[in-house]
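Here the structure comes first, spelled out in structure tokens, and everything after it is commentary.
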Amino acid sequence: MAKLHLITYGCQMNEYDSERVAGLLRERAYELTDDATAADVILLNTCAIREKAEEKVFSKLGELKSLKAARPDLVIGVMGCMAQLQQATVLRRAPQVDLVFGSPAIARVGELVERARREGRPVLETGEAPLVKITAKPPVVDRLKAFVTVMEGCEKHCTFCVVPRTRGRERSHEPAAIVAEVEGLVAEGCREVTLLGQTVNAYGRDLTPPTDLAELLARVNDVAGLERIRFTTSNPYNLTPKLIRAMREVPKVCEWFHLPLQSGSDRVLDRMNRGYTRGRYLELVDALRQAEPAMAFSTDVIVGFPGETEADFEATLELIERVAYDNVFVFRYSPRPGTPAAAMAEQLGDDVKADRNRRALEVAQRVGAQRSARLTGRTMEVLVDGTSRRNARELSGRTRCNRVVNFDGRGRVAVGDIVHVRVTDALPHSLRGTLTTPEEAVCWSK
Ligand code: SAM
């Protein structure tokens, strides 16, 4: 068998795409190797969301240059968002690359790799392509948790974001194809799925007949043997009362909501073209907490957006405190070529971005620690998914509200079990606890 080395950057959707690529190439007799020097084909699945992500790819391509020089028949390919957006730059800065293709062409990866091996000149494939649900099985089958892409593309046009240009129009997969994929995963031992889309809560409106995420959740909930459902990423603009009700009523849907805020200032939200105000965002958080009091929230925040004043930034800090997020992902604004925000006049300096990044993280960590402290003494449902990172004699798992819990369960519990753990300590990045019975399960309130 030929050998494939696959390097993945960026979001969960890229992880999912990489698995499909590995599955498709396995059908053409390629097996995965961790060793780049042993590979016949090296593929880099790239991210374009921030400049730093792109620089990482160029630096990796630089490292691979000597391999290509030593073995000219090695095929080096760049796929994914950066490939879609920057094909000319990739070929100019990294002439050792033989193949460049965007996400829409993933279904044809086998043919593209063969062409690159045969033709001996760069193969470029960055056009649109029909939506296909790839059914090739990833090579790893014994896993408890899996991602399932339910829609591709994005039509939001936030002024900072390249995704609409890298992943194209919004297109949803048919519910039956998604359910079939989940059933297949469960048959292989999977117990938790995360449904993926750039605006996952816009799911289904392009289908005939139209449907929505709430209906999809109900259908996936019916898959026997599946225990938990998560989904990401939602946009506040598309958050409907029906989906909020589904959070309460669909039993396998977990009490965890990733709801990107981006900014707590109305002025900045408007310049970002996000389509909601801070007041509306807070209303949605309240409605979700009313529907499900145990709901945990995580979010994305961008600091240093063009023209963001100190007062705008403080409004973001205030909102982080007010919502009391379990987890906040803070990003320094990175101007992306071709986006409206990159052309805005009031670009901020790196020092301002670095300072705001540090301050936002400080507030987020304090608020997250307070949320963790509240969990001490509670009993929570935990899906055991491995051993603790720090202590191989302890088991580790996640609560329904997406917290890592480590506990001593040796001899009594196995990976894949769902158990109840009483939280004894709240540490900065995880909880510790002891095995118990389900007398009070805060993240298990349905
Ligand atoms: N589609 C989702 C949305 O808009 O809510 C999230 C997609 S993106 C992969 C993840 C996060 O990256 C965004 O929520 C945003 O906070 C951040 N991001 C996107 N573009 C950025 C940029 N130009 N600079 C810094 N952060 C950015």
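The values are calculated or read from the model by the stated rules, or taken from the named source; none is laboratory data. Computed from a predicted model, the values in this text were never measured in an experiment. Because the Cβ atoms are built from the backbone with ideal geometry, glycine has one as well, and the counts that use them run over all protein chains shown.
See the values below:
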item	result
The listed residue being more than 16 Å from Leu144 (Cβ to Cβ) and loosely packed, with under 14 Cβ neighbours inside 10 Å, out of Arg403, Arg378, Arg410	Arg410
Selection count, the stretch 65-89, where residues are buried (at least 22 other Cβ atoms within 10 Å of the Cβ) and at pLDDT 95 or above	5
Verdict on Val148 being aliphatic (A, V, I, L, M), touching a residue at least 40 places away in the same chain (Cβ under 8 Å) and in a helix (DSSP H, G or I)	no
Single condition Leu282 does not satisfy, out of (1) buried (at least 19 other Cβ atoms within 10 Å of the Cβ); (2) more than 22 Å from the chain's Cα centre (by Cα); (3) under 17 Å from Tyr237 (Cβ atoms); (4) not β-branched (Val, Ile, Thr)	(1)
Residues of the stretch 213-228 that turn out to be within 18 Å of Ser172 (Cα to Cα) and under 20 Å from the mean Cα position of the chain (by Cα), as a count	5
Search result, residues across the stretch 1-14 that are within 14 Å of the ligand (Cβ to nearest atom) and either exposed (fewer than 15 other Cβ atoms within 10 Å of the Cβ) or at pLDDT below 90 (or both)	Gln12
Candidate set from the stretch 16-47 (those that are closer than 18 Å to Val100 by Cα and within 16 Å of the ligand (Cβ to nearest atom)); member that is surrounded by the most Cβ atoms within 10 Å (Cβ to Cβ)	Thr46
Subset of the stretch 173-203 [closer than 14 Å to Phe231 by Cα and not hydrophobic (A, V, I, L, M, F, W, C)]	Glu192, Thr194, Gly197, Gln198, Thr199, Asn201, Tyr203
Filtered residue count, the stretch 261-275, keeping only those that are crowded, with 19+ Cβ neighbours inside 10 Å, touching a residue at least 40 places away in the same chain (Cβ under 8 Å) and within 24 Å of the chain's Cα centre (by Cα)	6
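Residue-by-condition table, conditions (1) without any contact (Cβ under 8 Å) to a residue 60 or more places away in the chain; (2) part of a helix (DSSP H, G or I); (3) away from the ligand (no atom under 16 Å from the Cβ):
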site	(1), (2), (3)
Arg248	no, yes, yes
Tyr281	yes, yes, no
Asp286	yes, yes, yes
Phe297	yes, no, no
Ala311	yes, yes, yes
